[in-house]
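The structure appears right after this line, and notes come after that.
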Amino acid sequence: MATLTTVRPPAGELPARPKRRRRERPGIKGLRRSLQRHWTLYLLMVVPLIWFAVFKYIPMSNAVLAFKSFNVVKGIWGSPWVGWQNFDLFFHNPVFWNLVKNTFVLSVYTVAASFPIAIILALALNEIRNGLFKRTVQMVTYAPYFISTVVVVSMTILVLSPRLGIVNEGLGFFGVPAIDFLGTPDYFRHIYVWSDVWQTTGYSAVIYLAALSGIDPALHESAKLDGATRLQRIRHVDLPGIMPTAVIILVLAVGNIMAIGFEKAFLLQNPLNLSESEIIATYVYKTGLLNADFSGATAVGLFNSVINLVLLLMVNAIAKRITGNGLWS
């Protein structure tokens, strides 16, 4: 009968341990598996990521110009440092508070007017059962979004012209003297906001219509069985269903509250309404390009971006606490 013998290593030598395979972390293993399965989708993401890197993230390094006195010959990185001098000059500029006030009031007015109207339009379209009428209303409200800002401003100027405008022609029919709407500072914000509402409401309503289409029809059927009216179903079924989408859109809108569009404000601007129409964006354009003060314009733009970031974080935190929905879960 054979006997088992154990082989012992020579004295002074340790037994060789078997080699263990190095375990991959679950996250790395899952990422590798996902890359193998969905490599085509990852390949499609390469071009957008490159675009963001080249046109969004790399230019951020040039924000250092806000802390320098720019010299064309020496370039951005060779220009001398001046620290907070450019910010100090802007903060002590006599027009500083007027710029901040105009930008903030115009942005808040735009959000306050456009945000609820888009939701109301989406809820109304969702209740329409006549397909032809619904498609017609959608087309009429959605089409202005594709009109360029220059054309919208040109139409606005022609409609509100004190001599040939349709509005003043109608006022003259009732014996009201012609009004120079674009030459009166008090009318500028109303013209800007409601022309923007006309142009963008239909496009914004599409997002809420998509959210409404995702609501379970069984909820409406249950509400009908309980005797709920149409308004009650809108209040207790539709509005809670689109609330997460509405909160995210509101947070993003408030996050850009100080970055209101430059084109329309600049095109509607004239020396008569400058006290209300001069905002930070138009001031940056005039300072940086017209006056060639690139360092000062960069400082103003950086200040504006920081304010937007702070507002975005604050509103997101408030929305998260109140509704439980936010940009980051």
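Counting only residues that are in contact with a Pro (Cβ under 8 Å, 6 or more places away or on another chain), give me the helices (runs of 4 or more DSSP H) lying completely in region 197-314 with at least 1 of them.
On the way: elements: 217-225, 230-233, 239-255, 262-268, 274-277, 280-285.
It comes to 274-277.
Within region 291-329, work out how many residues are under 28 Å from residue 190 (Cα atoms) and exposed (fewer than 15 other Cβ atoms within 10 Å of the Cβ).
Residues flagged as under 28 Å from residue 190 (Cα atoms) and exposed (fewer than 15 other Cβ atoms within 10 Å of the Cβ) within region 291-329 amount to 5.
Would you check if residue 11 is at pLDDT below 55 and surrounded by fewer than 10 Cβ atoms within 10 Å (Cβ to Cβ)?
Here the answer is no, as residue 11 does not meet what is asked.
Can you name the residue in region 289-304 that is small (Gly, Ala, Ser) and at pLDDT 85 or above and, of all such residues, is nearest to residue 107 (Cα to Cα)?
Of everything passing the filter in region 289-304, 301 is nearest to residue 107 (Cα to Cα).
Taking the stated definitions as given, is residue 314 of a type in the set (A, V, I, L, M) and in contact (Cβ under 8 Å) with a residue 12 or more places away in the chain?
On the way: of a type in the set (A, V, I, L, M): yes; in contact (Cβ under 8 Å) with a residue 12 or more places away in the chain: no.
Here the answer is no, as residue 314 does not meet what is asked.
Identify all residues within region 274-304 that are under 22 Å from the mean Cα position of the chain (by Cα) and farther than 25 Å from residue 74 by Cβ; write none if there are none.
Those that are under 22 Å from the mean Cα position of the chain (by Cα) and farther than 25 Å from residue 74 by Cβ: 277, 278, 279, 280, 281, 282, 283, 304.
Scan the helices (runs of 4 or more DSSP H) fully inside region 30-144 and keep the ones with 1 or more residues being more than 20 Å from residue 308 (Cβ to Cβ), within 25 Å of the chain's Cα centre (by Cα) and hydrophobic (A, V, I, L, M, F, W, C).
Ranges flagged: 39-52, 96-127, 131-142.
Say we look at region 112-135 and pick out the residues that are β-branched (Val, Ile, Thr) and at pLDDT 90 or above; which of these is surrounded by the fewest Cβ atoms within 10 Å (Cβ to Cβ)?
120
The values are calculated or read from the model by the stated rules, or taken from the named source; none is laboratory data. Everything numeric here is computed off the predicted structure, so don't read it as measured data. A quick note on method: Cβ atoms are made from the backbone with ideal geometry, for glycine too, and the neighbour counts reach across all protein chains shown.
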